[in-house]
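Okay, structure first, notes after.
The values are calculated or read from the model by the stated rules, or taken from the named source; none is laboratory data. Since this is a predicted model, take the numbers as computed values, not measurements. Please note: Cβ atoms are built from the backbone with ideal geometry, for glycine as well, and neighbour counts cover all protein chains shown.
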Amino acid sequence: MKPIDWNSLGFAFLDTNCHIRYVWKDGAWSDGELVESPYLNIHIAATALHYGQAAFEGLKAFRRKDGNVSLFRPQENAKRMAMTARRTCMAEVPEAMFVDACKRVVKANLDYVPPYGTGGSLYVRPLLIGSGAQIGVAPADEYTFIVLVTPVGPYYKGGLQAVKALVLDDYDRAAPQGTGHVKVAGNYAVSLYPHMQAQKAGYPVELYLDAKEHKWIDEFSTSNFLAITKDGTYVTVKSPSILPSITNMSLQQIAKDLGIPVESRPIAFEEISEFAEVAACGTAVVITPVYQVERAGKVYKTGPETGCGPVLEKLYQAVQGIQYGQQPDTHGWNVDVD
Ligand SMILES: Cc1ncc(COP(=O)(O)O)c(C=O)c1O
């Protein structure tokens, strides 16, 4: 293993010892195998390549204050991947197998879990693909489940930094009865072009509205929308076409624990500048404060331009406190890998 400068890690793929791999054939999953090579030999007619039978997940393993390494709520990722598998007619990965796969691959790569205090973590990426050959449009008869890992640095090096977001009315992410609520790879392919447009215009994130009316807020391309109202309520989006974020679910529970009222409801875009604080939330970034949103040349202020509002800061510290073992894990969210 080459030495790693833990303090300069970003969010990029770094090779590790191995990944874990399982194959589903004739109705059953194989035993998982730890594989050193990061390459996959795949049939040229695999359904993942032609018809998008591909689903993924993203979670993190943290080295806690007491030295132990734990995964954050892997059972929730297992449930969500099973939901994606059902929607895309792929073989489901049973929850116990999913969690065991994550534990085994993290254990085999413990040297790559960033030390406590660096703010880093081991990013865990489960992937399920149709690997069987199929030339007509139909589900594959073979599936491959992989979990790969790679160390990542803290998203923010010097405290939370606010970003601005852009609404691109010419693009939608997910149709009302489409696949926005599941983590199918194609959802991300279609978001790349608008994402590049937003980046070119100087916006690190884009905010999607509902595809039918362009009236309601849906979510950001890789994170959920949340806001704190002027009277201190945590508000988040209820929509059939957004991904149910595990970070959002956890933050809602933490908010309730802290006595903050929580509302999950449709949020009209016209409400955007009435909030005291706005953020994007997800595994990679935890919480990203959003200080302004632009739509059709009009700028809407949504929070402080530098740093982060007080409620978001409190929620950020609380969730990271649990993940790094600085605070009691009262809900039993951390799953030790040993
Ligand atoms: C579209 C989308 N929304 C929200 C999220 C955040 O979900 P989670 O908190 O489970 O990472 C993600 C990341 O997985 C995403 O891709």
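May I ask you to verify whether Leu209 is closer than 17 Å to Val167 by Cα and touching a Cys at 6+ places or on another chain (Cβ under 8 Å)? Answer is no for this residue. Residues in segment 67-80 include at least one that is modelled with pLDDT of 95 or more, more than 22 Å from Ser223 (Cα to Cα) and surrounded by fewer than 16 Cβ atoms within 10 Å (Cβ to Cβ). When His195 is tested against (1) more than 9 Å from the ligand (Cβ to nearest atom); (2) assigned to a strand (DSSP E or B), exactly one condition is not met: (2). Scanning segment 171-189 for residues being in a loop (DSSP other than H, G, I, E, B) and either out of contact with any Phe, Trp or Tyr (no Cβ under 8 Å at 6 or more places or on another chain) or within 11 Å of the ligand (Cβ to nearest atom) (or both) gives a total of 11. Scanning segment 271-301 for residues that are over 25 Å from Gly58 (Cβ atoms), under 23 Å from the mean Cα position of the chain (by Cα) and of a type in the set (Ser, Thr, Tyr) gives a single hit, Tyr291. Restricting the search to strands (runs of 3 or more DSSP E) fully inside segment 244-328 and requiring at least 2 residues that are within 14 Å of the ligand (Cβ to nearest atom) and crowded, with 18+ Cβ neighbours inside 10 Å gives 277-282, 286-295.
Scanning segment 199-229 for residues that are of a type in the set (A, V, I, L, M, F, W, C), within 16 Å of Val285 (Cβ to Cβ) and surrounded by fewer than 23 Cβ atoms within 10 Å (Cβ to Cβ) gives a single hit, Val205.
Is it the case that Cys281 is within 20 Å of Glu219 (Cβ to Cβ), modelled with pLDDT under 95 and of a type in the set (A, V, I, L, M, F, W, C)?
On the way: within 20 Å of Glu219 (Cβ to Cβ): yes; modelled with pLDDT under 95: no; of a type in the set (A, V, I, L, M, F, W, C): yes.
Answer is no for this residue.
Entry remark, segment 222-240: residues being under 20 Å from Glu271 (Cα atoms) and near the ligand (Cβ under 10 Å from one of its atoms) number 3 in total.
Okay, residues lined up against (1) within 14 Å of the ligand (Cβ to nearest atom); (2) farther than 30 Å from Ala28 by Cβ:
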residue	(1), (2)
Pro114	no, yes
Gly119	no, yes
Gly136	no, no
Tyr143	no, no
Val149	no, no
Gln161	no, yes
Asp169	no, yes
Ser191	yes, yes
